[in-house]
């Protein structure tokens, strides 16, 4: 204790000389002596030193404080005073016990209403029930009192206004904002009749009205009431009064909500200035103010400033509070959350665990606050991709909540939601949905059907159904969520923007890009009105709009929106923040689609670099990076590098995800498609079947992802020449798409296109044309007239007409495709090269070799400029030009181009790749035409060996190779061997093309000729 002997106003006396304990300096203090607590230090376990300073009677701060407390709890009954004091201390259950006891011992008999504690007791019991969340019973008590007051008091009595305010608070808490506002306006009307216009009770009423308007999103109205509060406080209190600081703080937080961070900061700093003048430098209110400013800087994306303010708050609390104080835990929690936002999960976990440690020491093991920290730690583990650890903490939290609360407590609903999010990330959508529905059930029982808290649950359930491919159910839940907020919020409230974005994403998923874009633009419009141009939330909507433009093939517009989003986050985030990696990945996509693989790869590698610094080596986000980089290398034709990155992604997902997770299926699918491009159909099929197996276990039988699997497997069977199996898989995919997607969805068009191309390969050109036209019809309805997918449709139909010998129709479609690509793509884009190649082939079919050569050389020039010298696409161009020169009779030029093509593929493909067989066959044909039959045979034998290994025994290519072997052996006079190959060619043609196909009849004729020739020898 510290005493100032010069201050004699407080009575105390030293009794050291007459004490029985001579070794102690005993001092007696008079009753009601008051001390300031200077410091509290821990000496040993459970032993603390408290440093006290004796106050004086005329201490101005003490007088102000005691007057304020007396005024706050000034009531006639001492028990009621104690109950109100317990309420002020936040001890609501203890307050309720006192009030219940008081109610049993009081009576209204013979007393006037102003002097009867019974009604005030009931009113206070209602308030305690409000604080404890017992809204229904709180309203019953409050309406009892209201009924008595209305009968006994004049209409302008202040106690009526207090009661109206209390009832309004209950309705506000239950989300019934309209009713809350009506009671607050009644209270205001009462106060205006009985109080002067600058009375502090009016300010309290204005503050309550502002709070309701804030909850409805009517920030302008809320601000107008807070400014009325400010006006009263400025008149009633000195300029450095804490109530003014509190008001500045409220206005600051309101400005923060409307995105006006500059104004928010100015008000929070005004509050800080008052606290600095009126409070000691280590006062907890200063710490609270520093925390508010820190969180504002956090919302502004200025994490460095946010951290500095949060650390100031922590520093104050470290000095003024014991090391296990709950407010310190809150500080650690705030800093941990900030590090989490910054992507520094290691630091986040260290602070969150400090917070948890404090609460473990100071709270019982089943205290609800522990559950809160378990949830936060779970979130950090979730961000590192450690879903198992995240789930273990969430289950700890759930266990506490189940013990502490009723089965329908809101905290349980929140915990169920968090558990569902983790299950979603592990791909267990059914389990996620069950937890989301548990959360919804809780709130449906305790809240009205249009309560805003139901919105979160409807959105979450909608997203689960969307992930499961049930778009109809998803849309119904999203629309329920939107309907609630449209009724309770202003038309420009930010929450509405979030709903529009969710519905837009759903329309994007079902391929209705026009509707998706309209919803994304509504969302953006709301935020552009309410937020500054560099607000981080705008980046979300720029990304959504960019994705819609990307899907419609408008890559330039998509890129511009992706770059806007990146620009916002570059200003507000550190250069190694994980969110920047997301933007770099997004920007890489349109560059890749535009054929600028170098730029695409540079952005994908920037994203990878950030994630390698900030994430663990087995984090799922790294797997995403590896997949993107693999796709870029694949587009460049560097299959070996692409495969290495896909295997890295697969390794991460095998370690961090359950064996039946959809992301693993995606990995297997990507590797399977790559092997198919490399000509290794056996490996391709094994990986694609693994992907299918996962999806069959984890998804409903009509999920669109299953259809995608079937399509991919069909492509492999198509490559092996097993057309019947390929068709069966394509028809399975078509059945799913027809049942789960709208009739004009782009995925249906893709499926029709694949079936059409398959029928074309089977020689059924009528069926082929009908399916290709169905695909075209869908794209013409759902896509803009210059979309690249339309160009692909025109190309496919053009090539079919060329096969049918209708070169005029072929050229008209191919020219349409070229026109689209010239408008939408840069002049050196690979897709333009494909157009030139197809038109060249059509001119070749008409015999216009000069025109054909000019188009083929344009295609070659583009690929030489944009691709590496050993890219497989260059080989295709050399091969096509070689065939043209061969038709022109220039065998030397033909051979040089065929050998260039072969050289590329020998470097980039395995020695048994089917494409090598194609080049050996072409070179053999040149040697055959040059009369070099032995040389021709040597190349044909190489080709034949590859085709036999790579394809089924009845593949059409094998029939073609047999026919070529027959012709060459016949020229060499080896008729016996020729007959054997002719028999094989005939059998293949009969089984794969049918007995009536012209190629089958040609094989049969050749076989008869050889057999007749052999009979003459």
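The numbers here are math on the coordinates, done by the rules we state, and not lab data. These numbers were taken from a predicted model, which means no experiment stands behind them. Note that we place each Cβ from the backbone using ideal geometry, even for glycine, and neighbour counts take in every protein chain shown.
How much length is gained if the chain between residue 449 and residue 851 is pulled fully straight, taking 0.36 nm per residue apart and subtracting their Cα-Cα distance, in nm to one decimal? Mind showing how you got there, number by number?
Numbers: separation 402, 0.36 × 402 = 144.72 nm, distance 7.09 nm.
Once the chain is fully extended between residue 449 and residue 851, it gains 137.6 nm.
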Query - Spacing of the two label points (7 Å from each Cα toward its C-beta) at residue 473 and residue 185, in nm - result: 4.3 nm
Query - Cα gyration tensor category, rounded, prolate or oblate, for the chain with a/c compared to 1.5 - result: prolate
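Mind ranking 273-284, 758-769 by how tightly packed they are, going by the mean number of other C-beta atoms within 10 angstrom, highest first? Present the calculation step by step, with values, prior to reporting the outcome.
Working: 273-284: 16.0, 758-769: 18.2.
Per-residue mean Cβ counts within 10 Å order the peptides as 758-769, 273-284.
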Report summary line: If the label point sits 7 Å along Cα→Cβ of residue 865, residues of region 807-850 with amide N under 14 Å come out as 822, 825-834, 836
Query raised in the report: With a ≥ b ≥ c the root eigenvalues of the C-alpha gyration tensor of region 821-880, is it rounded (a/c under 1.5), prolate (a/b larger than b/c) or oblate?
Result: oblate
Query raised in the report: Highest mean first, what order results for 620-632, 689-701 on Cβ atoms within 10 Å?
Result: 620-632, 689-701
Query - Three-way shape call for region 385-485 based on the alpha-carbon gyration tensor, with the a/c threshold at 1.5 - result: oblate
Query raised in the report: When DSSP assigns beta bridges and you keep just the ones with both residues in the chain, what percent turn out antiparallel, to the nearest 5?
Result: 90 percent
Query raised in the report: How fast does region 753-825 diffuse by Stokes-Einstein, in µm²/s, taking the Kirkwood radius from C-alpha pairs at 37 °C and 0.692 mPa s?
Result: 272 µm²/s
Query raised in the report: Tell me, how many Å apart are the Cα centres for region 806-883 and for region 537-569?
Result: 31 Å
Query raised in the report: Given Cα pairs under 8 Å that are at least 6 residues apart, what percent is the relative contact order of the chain?
Result: 4 percent
Requested in this report: State the Cα centre-to-centre distance between region 718-794 and region 969-1009 in whole Å.
Outcome: 33 Å
Requested in this report: Could you compute the FRET efficiency for residue 32 and residue 363, with r as their C-beta to C-beta distance and R0 at 35 Å, rounded to 0.05?
Outcome: 0.55
Requested in this report: Can you figure out the FRET efficiency of residue 1004 with residue 660, using R₀ = 41 Å and their beta-carbon distance, to the nearest 0.05?
Outcome: 0.20
Report task. Rounded to the nearest Å, what's the spacing between the alpha carbon centres of region 335-375 and region 471-517? Just the number, please. Result -> 34 Å
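Show me 653-659, 723-729 ranked by packing, highest mean number of other Cβ atoms within 10 Å first.
So the order, starting with the most tightly packed, is 723-729, 653-659.
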Query raised in the report: Pulled fully out, how much extra length does the chain show between residue 152 and residue 235, if you take 0.36 nm times their separation in residues and subtract their Cα-Cα distance?
Result: 26.5 nm
Query raised in the report: So how far apart, in nm, are the two label points at residue 178 and residue 81 if each is 7 Å from Cα heading toward Cβ?
Result: 4.5 nm
Query - All-pairs alpha carbon distance profile, region 719-857, 10 Å steps from 0, percent - result: 13, 37, 35, 14, 1
